[in-house]
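Engineer: Right, I'll just put the structure down here and ask away after.
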Amino acid sequence: MMIWQRFSLRDGLYLGFCGTFIVIARAALRMHLHLTGHSMFFNLFFLLLARGVVRRFGAATLAGVVAGLLCMFLGLGKDGPLLIVRYGLLGLIVDLGFALYPRLAYSYVACFVCGAAAALTRGLFLAVADLMAGMETAVMIQHVLLNSAMNMAFGAAGGLLVPPVIKRLQSSGLIA
């Protein structure tokens, strides 16, 4: 069974919209704010929100893959097909967080931790890119640590916005 066959049309539309909103936020934030990792705020907000509303394993991963495909097709990044892997990995970490703690979307602490953990994956891509560029080890470690810390801070902040939105959607009757 293919992964998209497990989702209803409503779930698929919602995940597609969340992936599209990640791309819209990325396009809007192409202006230079001179803040490392600021895109993780919206990335993790929408991925955690997607998984909080669509309660099936793979929902955040699918939203991340949609975002990666759209970014690749629109040319919003230098990574090409690796954008799909990058966003998909963020979604996979969010899905694993929900697998470990199913009520993650309702807990501020859990969303904070999951957002920071998912944002930490960006450091892996930075380390690989720095190694391939032949960067000196001490400089590479400083670069990866600084960028990872900023990504984690913005990812955790984006995660903190999810519980009130989920609770509001639930009290309005938009989600079960």
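Engineer: Please state which of the following conditions residue 135 fails to meet, knowing it meets all the rest: (1) surrounded by 18 or more Cβ atoms within 10 Å (Cβ to Cβ); (2) over 18 Å from residue 152 (Cα atoms).
Structural biologist: It fails just one condition, (1).
Engineer: Right, next: Is it the case that the stretch 4-26 has a residue that's open to solvent by 40 Å² or more (accessible area, probe 1.4 Å), assigned to a helix (DSSP H, G or I), in contact (Cβ under 8 Å) with a residue 60 or more places away in the chain and closer than 26 Å to residue 110 by Cα?
Structural biologist: no
Engineer: Tell me whether the stretch 94-111 contains one or more residues that are over 16 Å from residue 162 (Cα atoms), among the β-branched types (Val, Ile, Thr) and within 12 Å of the chain's Cα centre (by Cα).
Structural biologist: Among the residues of the stretch 94-111, not one is over 16 Å from residue 162 (Cα atoms), among the β-branched types (Val, Ile, Thr) and within 12 Å of the chain's Cα centre (by Cα), which makes the answer no.
Engineer: A further question on this structure: Yes or no: residue 69 in contact with a helix residue (DSSP H, G or I) (Cβ under 9 Å, 6 or more places away or on another chain) and more than 19 Å from residue 163 (Cα to Cα)?
Structural biologist: yes
Engineer: Continuing with the same structure: Can you name the condition, by its number, that residue 30 falls short on among (1) part of a loop (DSSP other than H, G, I, E, B); (2) within 15 Å of the chain's Cα centre (by Cα)?
Structural biologist: All conditions pass for residue 30, except number (2).
Engineer: Please tell me if residue 50 is within 18 Å of residue 159 (Cα to Cα), part of a helix (DSSP H, G or I), without any contact (Cβ under 8 Å) to a residue 24 or more places away in the chain and open to solvent by less than 70 Å² (accessible area, probe 1.4 Å).
Structural biologist: no
The values are calculated or read from the model by the stated rules, or taken from the named source; none is laboratory data. These numbers were taken from a predicted model, which means no experiment stands behind them. Using ideal geometry, Cβ is built from the backbone for each residue, glycine included, and neighbour counts are taken over all protein chains shown. The protein model used for the area step is the full one, side chains on, heavy atoms only, and it has no ligands, DNA or RNA in it. Shrake-Rupley method; radii C 1.70, N 1.55, O 1.52, S 1.80 Å.
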